[in-house]
Amino acid sequence: MKSLLKLSLISMLAFSTTVLAAGGGAYLPNDKLPTYSGHKLTTSMQNGMQVYMNNCMGCHALGFQRYNRAAKDLEIPENLMVENLMFTGEKIGDLMVNNMPAASAEKWFGTAPPDLSLIARARKPQWLYNYLRAFYQDQSRPYGVNNSVFKDVGMPHALESMQGIQDKTEKVKGLENDIDYANGDIVTARDKLSNGGNASELNKMIADAETLIHDKQEEINALAAEGKYFTLVKEGSMTPQEFDSAMIDLVNFLEYVGEPIKRERKSLGIYVMMFILFFIFVAYLLKKEYWKDIH
Ligand code: HEC
């Protein structure tokens with residue numbers, strides 16, 4: 001019985017790690033998002049809301065959310081909310097919308113900034129955490145920045161004054177260059193193949209280039225995992241640790257907005273489990289009572 005239990009535990013663990021690995025997604029960096037709970041989570045969400053209202057609300061509405069609901073759930077007194085987090089004379093019962101006209105926004109950015117009410121559900125929180133920290137300088141883009149998690153995104157680096165500006169490290173750039181060359185080799189070889197070139201030679205060239213791409217990509221993945229994907233080229237008002245912490249807060253806030261009932265649901269779940277356990281106990285006593293004369 002014991003070994004059976006052990007076996008099923010081990011297989012459950014193995015299964016869950018496979019699922020996690022499969023869900024990893026193909027973006028870099030892919031740092032883990034720390035999870036908070038209890039009071040720490042509430043404070044974090046409050047801080048996240050402040051970062052949001054100051055830096056994101058101008059472009060991205062949260063049209064499914066009302067100010068007073070957020071005030072209640074995040075334990076922010078309504079007067080503090082009105083004084084510190086509402087800037088354009090809205091009322092506390094209003095939906096959290098902005099005045100960004102969609103048509104001109106599309107002209108300015110190429111894409112209108114989407115409403116972010118459900119973004120933490122559409123994208124995963126960990127994706128958001130990495131996306132917000134993945135802006136890097138790229139002069140070929142209209143705003144001089146690109147994003148390694150969301151390539152060629154139309155959003156400017158809204159948090160540049162806090163984070164500063166980062167760039168890919170020389171190592172990462174070098175490896176990406178090698179990959180570009182190898183991809184070029186593959187295109188050339190395929191071209192020659194279709195024009196009747198030496199098949200065995202060209203196929204070997206393609207295979208070699210593919211191996212090289214795979215190896216270089218592994219090296220890049222390893223650098224990203226060690227936190228050596230980006231380097232800061234211009235400091236912001238925050239240290240990298242402070243900025244990461246602010247981004248955890250921001251994501252916690254967006255996760256709250258995506259499902260305001262979540263915390264309640266979780267604590268309700270605990271009561272439900274407690275009730276079930278209690279009921280099992282009562283049922284057990286009852287069973288004992290019924291069967292006591294039968295043996
Ligand atoms: C100056 C306007 C502007 C500001 C400020 C801004 N964004 Fe954006 N954001 C955009 C635009 C435009 C897009 C759409 C980009 C695209 O699809 O190419 C976007 C896209 C996004 C996306 C990706 C949405 C998707 O399709 O998955 C997220 C997430 C996001 N923004 C979060 C934020 C957060 C959080 C802040 C505050 C720190 C912020 N943005 C500040 C303009 C802005």
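The values are calculated or read from the model by the stated rules, or taken from the named source; none is laboratory data. Remember, it's a predicted structure, so these values are computed and weren't measured experimentally. Glycine also receives a Cβ, built like all others from the backbone with ideal geometry; neighbour counts cover every protein chain displayed.
Some observations on this one:
- Number of the exception - ILE270 against (1) aliphatic (A, V, I, L, M); (2) under 24 Å from the mean Cα position of the chain (by Cα); (3) loosely packed, with under 10 Cβ neighbours inside 10 Å: (2)
- Extreme residue, nearest to MET100 (Cα to Cα), among residues of region 53-70 that are surrounded by fewer than 18 Cβ atoms within 10 Å (Cβ to Cβ) and within 14 Å of the ligand (Cβ to nearest atom): GLY58
- Among the residues making up region 101-151, those that are of a type outside the set (S, T, N, Q), assigned to a loop (DSSP other than H, G, I, E, B) and within 7 Å of the ligand (Cβ to nearest atom) are GLY110, ALA112, PRO113, PRO114, LEU116, ARG123, PHE150.
- Residues of region 240-257 satisfying the condition of being touching a Gly at 6+ places or on another chain (Cβ under 7 Å) and among the polar types (S, T, N, Q): ASN252
- Selected residue (criterion: modelled with the lowest pLDDT) from residues of region 119-173 that are aromatic (Phe, Trp, Tyr) and more than 16 Å from ASN55 (Cα to Cα): TYR143
- Scanning region 71-88 for residues that are exposed (fewer than 12 other Cβ atoms within 10 Å of the Cβ) and either β-branched (Val, Ile, Thr) or within 12 Å of the ligand (Cβ to nearest atom) (or both) yields a single hit, THR88.
- Evaluation of MET238 against the conditions (1) more than 16 Å from the ligand (Cβ to nearest atom); (2) in contact with a helix residue (DSSP H, G or I) (Cβ under 9 Å, 6 or more places away or on another chain); (3) part of a loop (DSSP other than H, G, I, E, B) shows that the sole unmet condition is (1).
- Matching residues in region 237-262 - criterion: being within 20 Å of HIS60 (Cα to Cα) and β-branched (Val, Ile, Thr): ILE248, VAL251, VAL257
- Residue within region 240-252 that is free of Cβ contacts under 8 Å to residues at least 12 places away in the same chain and either of a type in the set (S, T, N, Q) or buried (at least 17 other Cβ atoms within 10 Å of the Cβ) (or both) present: yes
- Selection status of LYS91, over 30 Å from LYS228 (Cα atoms), more than 14 Å from the ligand (Cβ to nearest atom) and among the basic types (Lys, Arg): yes
- Restricting attention to region 152-170 and to residues that are within 7 Å of the ligand (Cβ to nearest atom) and of a type in the set (A, V, I, L, M), the residue that is nearest to LYS32 (Cα to Cα) turns out to be LEU159.
- Among (1) surrounded by fewer than 17 Cβ atoms within 10 Å (Cβ to Cβ); (2) more than 16 Å from the ligand (Cβ to nearest atom); (3) not acidic (Asp, Glu), the one test that VAL97 misses: (2)
- Set side by side, the residues LEU33, LEU80, LEU95, LEU74 differ, and just one is free of Cβ contacts under 8 Å to residues at least 24 places away in the same chain and not charged (D, E, K, R), which is LEU80.
- Verdict on TYR181 being at pLDDT below 95 and over 28 Å from TYR256 (Cβ atoms): no
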